[in-house]
1. If ARG142 passes every condition in (1) out of contact with any Gly (no Cβ under 7 Å at 6 or more places or on another chain); (2) among the basic types (Lys, Arg); (3) in contact (Cβ under 8 Å) with a residue 24 or more places away in the chain but one, which one does it miss?
2. ASP59 is checked against (1) more than 26 Å from MET107 (Cβ to Cβ); (2) out of contact with any Lys or Arg (no Cβ under 6 Å at 6 or more places or on another chain); (3) of a type in the set (D, E, K, R) and fails just one. What number does that condition carry?
3. List pairs: first residue in the stretch 63-88 and closer than 27 Å to SER137 by Cβ, second residue basic (Lys, Arg) anywhere in the structure, Cβ distance under 7 angstrom, at least six positions apart or on different chains.
4. So MET107 clears everything in (1) in contact with a His (Cβ under 7 Å, 6 or more places away or on another chain); (2) over 27 Å from LEU147 (Cα atoms); (3) without any contact (Cβ under 8 Å) to a residue 60 or more places away in the chain except one condition, right? Which one?
5. Could you list, in sequence order, the residues of the stretch 128-184 that are closer than 26 Å to ALA20 by Cβ, exposed (fewer than 13 other Cβ atoms within 10 Å of the Cβ) and aliphatic (A, V, I, L, M)?
6. Across the stretch 118-165, what is the number of residues that are at pLDDT 95 or above, more than 18 Å from GLY88 (Cβ to Cβ) and in a loop (DSSP other than H, G, I, E, B)?
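The values are calculated or read from the model by the stated rules, or taken from the named source; none is laboratory data. Source: prediction; values computed, not measured. Note that we place each Cβ from the backbone using ideal geometry, even for glycine, and neighbour counts take in every protein chain shown.
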Amino acid sequence: MNRFDGKSVIVTGAASGFGAAIARKFASEGASVVCADLNMTGATEVASSLTGAIPFEIDVADEAQNNAMVQTAVEHFGKVDVLCCNAGVPHKGNYMTRMPVEDFDRMWAINVRSIFLAVRAAIPHMPEGSSIISTASIGGKRPRPGLVPYNASKAAVINLTQGMAVEMAPKVRVNCVCPVSAATNFDFQSMGQKDL
């Protein structure tokens, strides 16, 4: 028997990088996975490579699409045992004063607001013992020049996660992870380089 047999998992940002790896790991442990991403081609490729997984196209900054994502999970799998809020956008190493306001707003909508929206949609469908995981960054703890708006958004993710952990205990466990770096398209784009 696998650790996640009978469990339903939603992973945002599941088309590539950390999200694809997270979706694959949960599926390998027996979970049914909703692979959610704006990149439907990538989400479909990941989901089709797994047993018991379905793709879902989503702009994570949109409230109605988050509601639909959760409803899809509930319709297919009956509940949400794990919500993994992994979707995010990088900041292409540039000083804050050069960043367009629209880019700042979009970054915060995807990196922070999306977690708020996904959790609000999912929590009524999460049984006792469920888990919420958000992906922050070491930059949220140790900011670096050239990445100020990104680092600040990830600091907000850490704080949001800590607050949710208190509000949702003991029914739902809430944690975040703070990766440093990995060979993903996300990291390459943040350095202004081409995709892997």
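1. (3)
2. So ASP59 meets the others, but not (1).
3. Matching pairs, first to second residue: ASP81/LYS7; VAL82/LYS7.
4. Condition (2) is where MET107 drops out.
5. Listed by number, the residues that qualify are VAL180, ALA182, ALA183.
6. Looking only at that region, the number is 4.
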